Amino acid sequence: MITDNFDLIVQWLNNNISTFLYILGVFIAAAIATKISTHMLSRLLKRAVREDMFPSKTDRDRRVRTLESILTAIISFVVWAVALLMIMNILGINTAPLLASAGILSVAIGFGAQSLIKDFITGMFIIAENQYRVGDYVEIQNVKGTVKSITMRTTVVKDDDGSIFHIPNGSIIVTGNHTMSNNKASIELSVSTDTDIEKLQAIINKTGL
């Protein structure tokens, strides 16, 4: 059975060598286009997102990584979608009815996937408004942890115990970012009533509390 299938593959390749080379060329071109586009995107973001726009280099790097992850995913999707359509045309598959039905299908999906659309729209606002970035320590939906990734649909947070939470963007109502603001530590000290307060304050200031 395996030998027969292999023979059929070899026979098809012999009869359609030019078609195979075209398909292989499309795959290689798509891979190269994705690589070059993401590389150029990375350089463009590093130039566009200036350091003077952020209080520190760390803040700026987090913003760049966040935008980079989102835009890279979009570029990859577009490039490989076009490559798939080209391959279908090479194989003789008429893509016109497929594209026409895709428009009708998208309308039907739109009515049945309102939550998904809400996730996408909310994700766009989160990224555009720079509410939080990859690497920030946040509190979202009663989950406290570090943002590992942000997509147009979900935010992935890793809490202090190492658990990974995938939070749909559309469900996010209130977000607390503990990285962007100047947080202060509140510490209570119990001392005896006869303590020299001035000396205590000097010790606290010296130790950096």
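The values are calculated or read from the model by the stated rules, or taken from the named source; none is laboratory data. Small disclaimer: the values here were computed from a predicted structure and weren't measured. With ideal geometry, Cβ positions are generated from the backbone for all residues, glycine too; neighbour counts draw on all protein chains shown. Accessible surface is based on the protein model in full, side chains and every heavy atom, while ligands, DNA and RNA are left aside. Shrake-Rupley method; radii C 1.70, N 1.55, O 1.52, S 1.80 Å.
Let me check I've understood the local charge: for SER171, count other residues with C-beta under 12 angstrom from its C-beta, Lys and Arg +1, Asp and Glu -1. What total comes out?
+1
What does the accessible area of ILE17 come to, in Å² to the nearest 10, when a probe of 1.4 Å is used?
Here the accessible area works out near 90 Å².
In the stretch 115-207, if the dipole is taken from +1 on Lys/Arg beta carbons and -1 on Asp/Glu beta carbons about the Cα centre, which of VAL174, VAL134, LEU189 is farthest to the positive end?
So the residue we want is VAL134.
If you count only protein heavy atoms and use a 1.4 Å probe, how large is the accessible surface of ASP61, to the nearest 10 Å²?
40 Å²
Enumerate the calculated ³J(HN,Hα) couplings along the stretch 28-39 in order (Karplus 6.51 cos²θ - 1.76 cosθ + 1.60, θ = phi - 60°), each rounded to whole Hz, writing x wherever the residue is Gly or Pro.
Computed from phi, the couplings for the stretch 28-39 are 5, 4, 5, 5, 5, 4, 5, 4, 5, 5, 5, 5 Hz.
Heavy-atom accessible area of VAL138 with all protein chains present, probe 1.4 Å, nearest 10 Å²?
Counting only protein heavy atoms, the figure is 0 Å².
How far is it, in nm, from the label point at MET40 to the one at LEU189 when both lie 7 Å from their Cα along the line to the Cβ?
6.0 nm
Can you list the lysines whose alpha carbon sits under 30 Å from that of LYS57, skipping same-chain ones fewer than 8 residues off?
Straight-line reach from LYS57, under 30 Å: LYS35, LYS46, LYS144, LYS148, LYS158, LYS184, LYS206.
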